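Worksheet: the structure to be examined is printed underneath.
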Amino acid sequence: QVQLVESGGGLVQPGGSLRLSCAPSESVWRINAMGWYRQAPGKQRELVATITSSGSTNSADSVKGRFTISMDNTKNTVYLQMNSLQPEDTAVYYCNADINDPSTWPLQSVDYWGKGTLVTVSS
């Protein structure tokens, strides 16, 4: 079973930066898209940003201009560069990946989630 391994969370002061990384724990056949979601205490999980294997991106209005998602296709790794962090960005950040399953026909994809990494923005 493929697992997504996240890293890069931690404690940062308001206005600071962090970079999150996420990659599958083993070799996979083809990743269609990857993304980041977050869940703050007492709130529902929400989209932060997504990126397709061809480089198309989508991000929440609340992070536009501050967060940048990118993907290294050679390493099957997605990054989230977070700048100008604010206390309201405090949340557990989850990595998501849509990966083709070569054992299926017609070809189907499977949605995977990481366990989450905590980002705390506080002075």
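The values are calculated or read from the model by the stated rules, or taken from the named source; none is laboratory data. Here the structure is a predicted model, which means the values were calculated and not measured. Ideal geometry is used to build each Cβ from the backbone, glycine not excepted, and the neighbour counts take in all protein chains shown. What goes into the accessible areas is simple: the full protein's heavy atoms, side chains included, and nothing from ligands, DNA or RNA. Shrake-Rupley method; radii C 1.70, N 1.55, O 1.52, S 1.80 Å.
How many residues does segment 95-121 contain that are open to solvent by less than 60 Å² (accessible area, probe 1.4 Å) and either over 12 Å from Gly35 (Cβ atoms) or of a type outside the set (Asp, Glu) (or both)? Break it down stepwise before answering.
Applying the first criterion (open to solvent by less than 60 Å² (accessible area, probe 1.4 Å)) to segment 95-121 yields 95-101, 104, 109-110, 112, 114, 116-117, 119-121.
Pick out the ones that are also either over 12 Å from Gly35 (Cβ atoms) or of a type outside the set (Asp, Glu) (or both) and you get 95-97, 99-101, 104, 109-110, 112, 114, 116-117, 119-121.
Of the residues in segment 95-121, 16 are open to solvent by less than 60 Å² (accessible area, probe 1.4 Å) and either over 12 Å from Gly35 (Cβ atoms) or of a type outside the set (Asp, Glu) (or both).
Would you be able to say whether some residue in segment 10-24 is farther than 17 Å from Val92 by Cβ and in a strand (DSSP E or B)? Before you say what the answer is, go through the steps one by one.
Residues of segment 10-24 that are farther than 17 Å from Val92 by Cβ, as a first pass: 13-17, 23-24.
Those still in the list that are in a strand (DSSP E or B) too: 23-24.
Taking every residue of segment 10-24 in turn, at least one turns out to be farther than 17 Å from Val92 by Cβ and in a strand (DSSP E or B).
Would you be able to say whether some residue in segment 74-91 is over 26 Å from Gly16 (Cβ atoms), modelled with pLDDT under 95 and of a type in the set (Ser, Thr, Tyr)?
To start, the set of residues in segment 74-91 that are over 26 Å from Gly16 (Cβ atoms) comprises 74, 76.
With modelled with pLDDT under 95 added as a condition, the list becomes 74, 76.
Still in the running and of a type in the set (Ser, Thr, Tyr): 74.
Checked segment 74-91: at least one residue is over 26 Å from Gly16 (Cβ atoms), modelled with pLDDT under 95 and of a type in the set (Ser, Thr, Tyr).
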